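The values are calculated or read from the model by the stated rules, or taken from the named source; none is laboratory data. Quick caveat: nothing in here was measured; it's all calculated off a predicted structure. When we count neighbours, we look across all protein chains shown, and the Cβ atoms used for this are built from the backbone with ideal geometry, even at glycine. These area figures cover heavy atoms from the full protein model, side chains too; ligands, DNA and RNA do not enter into them. Shrake-Rupley method; radii C 1.70, N 1.55, O 1.52, S 1.80 Å.
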Amino acid sequence: MAKYTLKRLLYCVVILFFVMFIVYVLMYNMPTGFVEQKARELASRPNALKSYAEWLADLNAQYGMDKGVILGYLTWLKSAVVGNWGDSWAWTVPVLTEFHNTVWYSFALGLVSFVLEIIIAVPLGIVAAKKQYGFTDYFASIISMICISLPTFFVATLLKYIFSVQLGWFDLTGMQGRDYLNLDDFGKFLDIAKHFVLPSLTLTIVSIGGLMRFTRTNMLEVLNSDYVRTARAKGVPEKRVINYHAFRNTLIPLVTTLGGSLPGLFGGALITETLFAIRGIGYASYISMTQADIPFTMFYLAFISILTLLGNLITDLLYAVVDPRVRLS
Amino acid sequence: MSTYDLNARLKSRSTTQTKNTTSEMALDDVARVKVLSPGRKVFKRFIRNRLAVFGSITLIILFAFSFLGPLVYPYGQKQIFYTFEIQNVNYALAKQNTTYNGYDVDTSIELERTVVNSMNSSIMKMQENNLDSMLIPGEPYGYQIDKIADGVYTLSALDLQSIATVGEASVEIGTYDSIKKTISFTSTEVAGLAEEAAKSIKGKDGSFTFNGVEYSYTRGAAKSYVLTAVMDGVNLTAQDPGKGFTEAVQKAIQAGSTSFEFNGKTYTFVQKGNNTNVYLAGEPNTAKVYTCLTVDTLVTGQQVSNAFKSAVLMALKDSSNGAFEADDVSYTVRNEDGAFVIYDADGNMFAELDTFTVRRYTGEDSMDFDLKEAIAANIMQMNEEGSKTITFEHRLPSQGENGEYVYDENGNLLYSNAEIQITQRNTGEYVINCDQKNYVIDRYAPPSFAHPLGTDGDGFDVMARIMYGGRISLMVGFVVIIIEVILGIIMGGIAGYYGGWVDNLIMRLVDVFYCLPMLPIMIIIGAMMDAARMDTYLRLMVMMAALGLMGWASVARLVRGQILMLREQEFMVATEATGIRVRDRIFRHLIPNVMPQLIVIATMGIGGVILTESTLSFLGLGVKHPLATWGTIINSVSSASAMAHYAFIWIPVGLLISLTVVAFNFVGDGLRDAYDPKSKK
């Protein structure tokens, strides 16, 4: 297993190298990128000592943009490997500082919706499988399909319209109320929690569909397996068949996929955070990407690529851990 | 209604029975078992799935709506709609005119631009000092401004000779020629100055003292120096007009008069700094007449020429009797209680001169005389009351259905009473407001019969935009999926069939593309296209290509997996044994067997692509305005206030996106179940 893990990790490094190269090429070729804008801004100052072209050359040298794509990428890679991610251009702080400032909001948001998703989707999926072709099954299937098909931005807008505009229960956007600074610590926590309700609801709605279908499919597979038939033939009560024999076996794929999606909790929800103006990492990266902030974008994309690869690896490893029949090779 | 014919039934049954009995049938005869072709079998299973059928019907309707709808729907996606709306508009502007406009009297006289440009300030200076006449020295002419009536001034050119300066002034004494060592004096000779100058003048400029007077010199042309000295008292700058002139000047200044007579000539003083200059003025020739009065004709909108204006203003001179001729018509102007009224030859009132101007807000003079009078009267009343606003009723030209003016059968304007409000601005102007019917862009019109879903913020018909947007959204879905499938089949097919290092290489590539985060990459590409200011159609192409490139990995993975499985089966061994070409083996025998899964994954993929596309367009990074897609329609009302007020725009569109994706997913699900009933456990 250790050998397998090592091999996978090596693969991941290679993949990551190429993924980041593609991203770097894209960012590098941004027509009017951050550097150009900055140079124009500096050159148009009242007592600018250098022309636009001179500033551009200066800034390019400063930001390591004058070496060409490949050398530039290698330079970035060299400093990134030792943990030096540079300063964010758009946020004007070190990349890691901005990361620390934002990632925990994203994680909180992700965790809440992850827990809600499991609480809602797994029981629904099991009930649907138990009553296959029944009303509950159809109902759950349709609901899950609708949830899969809803665009995030539409759900967010709809929730805002209903709960903020029509009912006035929550603020439209933002993370803090207007009297946030006057509150005590617990009040501050409650205030932020209140502002996280709609975003986490949005995330939950758009994600429960997939998990529900997954649970249902796997539960059905287990329910049709021989040992369940045997248990039923033996006269084991249906409740015990479902909860004891079937569910525990359904847990195998569930635990592996959910385990694999754990790293993703740190990745942030780009659209949701942007729409609700939650200062999470998704929002920060969206701003960075649209402003061609190479250091932060590169960091963020590397970060979520690592999370994806890590998620896949965890899924595969968990499979071997949870299911003794599976051998990794 | 058909009758049941028992005899015919029995007859037909007996014939079939005889047929069956005549041809002996085996137990395993194929004719006994109703066999469906694989395709029909799939279709039958598909039809049985209610959700799939619902999805199919929805999709058919959506396609018809998007692709056929625009053919019958009367509006285009970029058609802007206008409407007539009653708005409280700034109808007119009234103000006390304080700026003076000049009208030519004699164009043959050349005027200095600086003098003409500073007329308003010159007139203001005259008003401050209560002067009736002012002299403006200039070279070689001078100018004179005369007040001929209240608010009417003439500008004349005249010969002007500077005679003397009074007060402490730097006076030009003469020119010193350093070769001849002589001085040519300007007015009075100073004895001994030439000798002193010869001694003292060195270099370019400097100064020396002679007889207690300080002389300064500067080098002019050809070794000559200009000598100046600061002198007090009356300093002559030209030939001495005669004995006793200096005394006469001082006397006149002490008397405080602005001009005096000496030897039969009139001399004029012009104040310049602390000094007074004395000029000998010639006969003035009037070049322009300036006024702050405006002509309000009794006939609405009648414009008078500039020649008329200058003629009427010149007629205001005290010396004239008020009669004047302009454009070959004779008029008379009379001063009646401080107002100037112009009468035509028949003695009818033709126009009025007034400093109080009332104009339409656009600046044009198209208002009725009685309305102007009424406004002026109301402003007067308002000022008396000390209020800043007043409301009154007056007749205004009535407007028809389309905002145009209405005429009766004789071609005269029809009038109707309207409420008019006058408000004084802080600048001292008066704004006249009233309700007018205006032709405006029909923004955010609520749903109506003409616009079933209303119009959006640009005056576009939302229904039309949804139709055209559906075209693009659906097209994007299909094109992207086709790109994905083609790339996926080629790459997956090659990898699965050849195996070995080719497989390894392609699968690592698949891994790379699998790992690429789609949404961030698309956002970066969108921002790139923003920066490049790309044309919106080109953006569409680039976006489709990028989405296709990003999505092929999963298809390739599926194709490869299937091919690895199928490769081991007997029919593939058979193709190898019969020596079929490799290309045919892959694309004619392997790929068709992967087709069912491909169709399923493609159908469900279209939904995903439509979601991504609409998300990007919603963020403003996909297809751009004015091209419609479902995402851009929602984007156009995504601001907080628009979202709250114009829910009738974005809710239907959002539901439509969801419905489309749901339908594709249902169909995909149904297809999978139909192709592979075993998966439907």
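Listed here are the residues, each with its yes/no results for (1) of a type outside the set (Phe, Trp, Tyr); (2) open to solvent by 80 Å² or more (accessible area, probe 1.4 Å); (3) part of a strand (DSSP E or B); (4) under 30 Å from B:ASN263 (Cα atoms).
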{"site": "B:SER184", "(1), (2), (3), (4)": "yes, no, yes, yes"}
{"site": "B:ALA194", "(1), (2), (3), (4)": "yes, no, no, no"}
{"site": "B:LYS202", "(1), (2), (3), (4)": "yes, yes, no, no"}
{"site": "B:PHE208", "(1), (2), (3), (4)": "no, no, yes, no"}
{"site": "B:SER216", "(1), (2), (3), (4)": "yes, no, yes, no"}
{"site": "B:ALA222", "(1), (2), (3), (4)": "yes, yes, no, no"}
{"site": "B:PRO241", "(1), (2), (3), (4)": "yes, no, no, yes"}
{"site": "B:THR246", "(1), (2), (3), (4)": "yes, no, no, yes"}
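For residues that are hydroxyl-bearing (Ser, Thr, Tyr) and open to solvent by less than 30 Å² (accessible area, probe 1.4 Å), scanning just the range B:645-664, find the one that is nearest to the other protein chains (Cβ to nearest Cβ).
By that ranking, first place goes to B:SER658.
I'm checking my understanding of the structure. Among residues of the range A:260-272 that are more than 12 Å from chain B (Cβ to nearest Cβ) and open to solvent by less than 30 Å² (accessible area, probe 1.4 Å), which one is nearest to A:PHE107 (Cα to Cα)?
Within the range A:260-272, the match that is nearest to A:PHE107 (Cα to Cα) is A:LEU265.
Look at the range B:146-164 and say how many of its residues are under 47 Å from the mean Cα position of the chain (by Cα), in contact (Cβ under 8 Å) with a residue 40 or more places away in the chain and crowded, with 16+ Cβ neighbours inside 10 Å.
Qualifying residue count for the region: 10.
Would you be able to say whether some residue in the range B:472-489 is within 41 Å of the chain's Cα centre (by Cα), in the same structural domain as B:GLY608 (by TED's automatic domain parsing), in a helix (DSSP H, G or I) and without any contact (Cβ under 8 Å) to a residue 24 or more places away in the chain?
yes
Tally time: how many residues in the range A:303-329 are touching a helix residue (DSSP H, G or I) at 6+ places or on another chain (Cβ under 6 Å) and either on the phi > 0 side of the Ramachandran plot or more than 10 Å from chain B (Cβ to nearest Cβ) (or both)? First the steps, then the outcome.
First, the residues of the range A:303-329 that are touching a helix residue (DSSP H, G or I) at 6+ places or on another chain (Cβ under 6 Å): A:305, A:307-311, A:313-315, A:318-319, A:322-323, A:326, A:328.
From what is left, the residues that are either on the phi > 0 side of the Ramachandran plot or more than 10 Å from chain B (Cβ to nearest Cβ) (or both) are A:310-311, A:313-315, A:318-319, A:322-323, A:326, A:328.
Residues in the range A:303-329 being touching a helix residue (DSSP H, G or I) at 6+ places or on another chain (Cβ under 6 Å) and either on the phi > 0 side of the Ramachandran plot or more than 10 Å from chain B (Cβ to nearest Cβ) (or both): 11 in total.
Any idea which residue in the range A:136-156 is farthest from the chain's Cα centre (by Cα), counting only those that are open to solvent by 20 Å² or more (accessible area, probe 1.4 Å) and touching a residue at least 60 places away in the same chain (Cβ under 8 Å)?
A:SER141
For the range A:199-225, what are the residues that are open to solvent by less than 40 Å² (accessible area, probe 1.4 Å) and either more than 17 Å from the chain's Cα centre (by Cα) or on the phi > 0 side of the Ramachandran plot (or both)?
Within the range A:199-225, A:MET212, A:THR215, A:ASN218, A:MET219, A:LEU220, A:VAL222, A:LEU223, A:SER225 meet the criteria.
Looking at B:ASP435, B:ASP461, which is the one that is surrounded by 16 or more Cβ atoms within 10 Å (Cβ to Cβ) and over 23 Å from B:THR615 (Cα atoms)?
None of the other options fit; the residue is B:ASP435.
So which of B:VAL171, B:VAL105 is open to solvent by less than 30 Å² (accessible area, probe 1.4 Å) and not charged (D, E, K, R)?
Result of the check over B:VAL171, B:VAL105: B:VAL171.
List the helices (runs of 4 or more DSSP H) inside the range A:1-108, counting only whole elements, that have at least 1 residues being surrounded by 13 or more Cβ atoms within 10 Å (Cβ to Cβ) and within 14 Å of another protein chain (Cβ to nearest Cβ).
So the answer is A:2-28, A:34-43.
So which residues in the range B:416-456 are more than 30 Å from B:ILE649 (Cβ to Cβ) and of a type in the set (Ser, Thr, Tyr), if there are any at all? Don't jump to the end; show me each part of the working.
First, the residues of the range B:416-456 that are more than 30 Å from B:ILE649 (Cβ to Cβ): B:416-434.
Answer for the range B:416-456, where residues must be more than 30 Å from B:ILE649 (Cβ to Cβ) and of a type in the set (Ser, Thr, Tyr): B:SER416, B:THR423, B:THR427, B:TYR430.
When only residues in the range A:218-248 that are among the polar types (S, T, N, Q) and free of Cβ contacts under 8 Å to residues at least 24 places away in the same chain count, which is farthest from the other protein chains (Cβ to nearest Cβ)? Break it down stepwise before answering.
Here is the first cut: in the range A:218-248, the residues among the polar types (S, T, N, Q) are A:218, A:224-225, A:230, A:243.
Going one step further and asking which of them are free of Cβ contacts under 8 Å to residues at least 24 places away in the same chain, we end up with A:224, A:230, A:243.
On the way: A:ASN224: 5, A:THR230: 17, A:ASN243: 20 Å.
Filtering first and then ranking leaves A:ASN243.
Pull out all pairs, ordered by first then second residue, where Cβ-Cβ is under 6 Å, the residues are six or more apart or on different chains, the first lies in the range A:1-26 and is under 15 Å from A:ILE304 (Cα atoms), and the second is surrounded by 15 or more Cβ atoms within 10 Å (Cβ to Cβ) and small (Gly, Ala, Ser).
Cβ pairs passing all conditions: A:LEU16/A:SER305; A:VAL19/A:SER305; A:MET20/A:ALA302.
Could you check A:ARG232 against (1) closer than 29 Å to A:GLY264 by Cα; (2) in a helix (DSSP H, G or I) and say which number it fails?
Failed condition: (1).
Across the range B:116-175, what is the total count of residues that are small (Gly, Ala, Ser) and part of a strand (DSSP E or B)? Spell out how you get there, then give the answer.
Filtering the range B:116-175 for residues small (Gly, Ala, Ser) gives B:118, B:121-122, B:133, B:138, B:142, B:149, B:151, B:156-157, B:162, B:164, B:167, B:169-170, B:174.
With part of a strand (DSSP E or B) added as a condition, the list becomes B:133, B:142, B:149, B:156-157, B:162, B:164, B:169-170, B:174.
Count: 10.
Looking for something open to solvent by 20 Å² or more (accessible area, probe 1.4 Å) and either without any contact (Cβ under 8 Å) to a residue 40 or more places away in the chain or out of contact with any Ser or Thr (no Cβ under 8 Å at 6 or more places or on another chain) (or both) - is there at least one such residue anywhere in the range B:286-299?
Scanning the range B:286-299, I find at least one residue that is open to solvent by 20 Å² or more (accessible area, probe 1.4 Å) and either without any contact (Cβ under 8 Å) to a residue 40 or more places away in the chain or out of contact with any Ser or Thr (no Cβ under 8 Å at 6 or more places or on another chain) (or both), so the answer is yes.
Restricting to the range B:496-524, and then to whatever is facing chain A (nearest Cβ under 9 Å) and within 45 Å of the chain's Cα centre (by Cα), can you tell me which residue is surrounded by the fewest Cβ atoms within 10 Å (Cβ to Cβ)?
Per the criteria, the residue is B:LEU519.
For the list (1) within 12 Å of chain B (Cβ to nearest Cβ); (2) closer than 21 Å to B:ILE651 by Cβ; (3) surrounded by 17 or more Cβ atoms within 10 Å (Cβ to Cβ), I need the number of the one condition that A:PHE170 fails.
It is condition (1) that A:PHE170 fails.
Within the range B:146-175, take every residue that is polar (S, T, N, Q) and over 16 Å from B:SER310 (Cβ atoms) and give me the one that is modelled with the lowest pLDDT. Steps first, please.
Step one: of the range B:146-175, the residues polar (S, T, N, Q) are B:154, B:156, B:161-162, B:165, B:170, B:175.
Remaining after also requiring over 16 Å from B:SER310 (Cβ atoms): B:161-162, B:165, B:170, B:175.
Numbers: B:GLN161: 74, B:SER162: 74, B:THR165: 75, B:SER170: 69, B:THR175: 80.
Result: B:SER170.
Taking the stated definitions as given, is A:THR257 polar (S, T, N, Q), within 14 Å of another protein chain (Cβ to nearest Cβ) and under 22 Å from A:ILE120 (Cα atoms)? First the steps, then the outcome.
Numbers: polar (S, T, N, Q): yes; within 14 Å of another protein chain (Cβ to nearest Cβ): no; under 22 Å from A:ILE120 (Cα atoms): yes.
Against the criterion (polar (S, T, N, Q), within 14 Å of another protein chain (Cβ to nearest Cβ) and under 22 Å from A:ILE120 (Cα atoms)), A:THR257 does not qualify.
Which residue pairs have Cβ atoms closer than 7 Å, lie 6 or more positions apart in sequence or on different chains, and pair a first residue in the range B:362-380 that is open to solvent by less than 50 Å² (accessible area, probe 1.4 Å) with a second residue that is acidic (Asp, Glu)?
Correct list of pairs: B:PHE369/B:ASP296; B:LYS372/B:ASP296.
Could you list, ordered by first residue, the pairs with Cβ atoms under 8 Å in which the first is in the range B:609-638 and at the interface with chain A (Cβ under 10 Å from one of its Cβ atoms) and in contact (Cβ under 8 Å) with a residue 60 or more places away in the chain and the second is part of a loop (DSSP other than H, G, I, E, B) and open to solvent by 10 Å² or more (accessible area, probe 1.4 Å), at least 6 apart or interchain?
Sorted first by the residue in the range B:609-638, then by its partner, the pairs are B:VAL637/B:GLY457; B:VAL637/B:TYR646.
Against the definition (small (Gly, Ala, Ser) and either at negative phi or not in a loop (DSSP other than H, G, I, E, B) (or both)), how does B:ALA229 come out, yes or no?
Yes: the conditions hold for B:ALA229.
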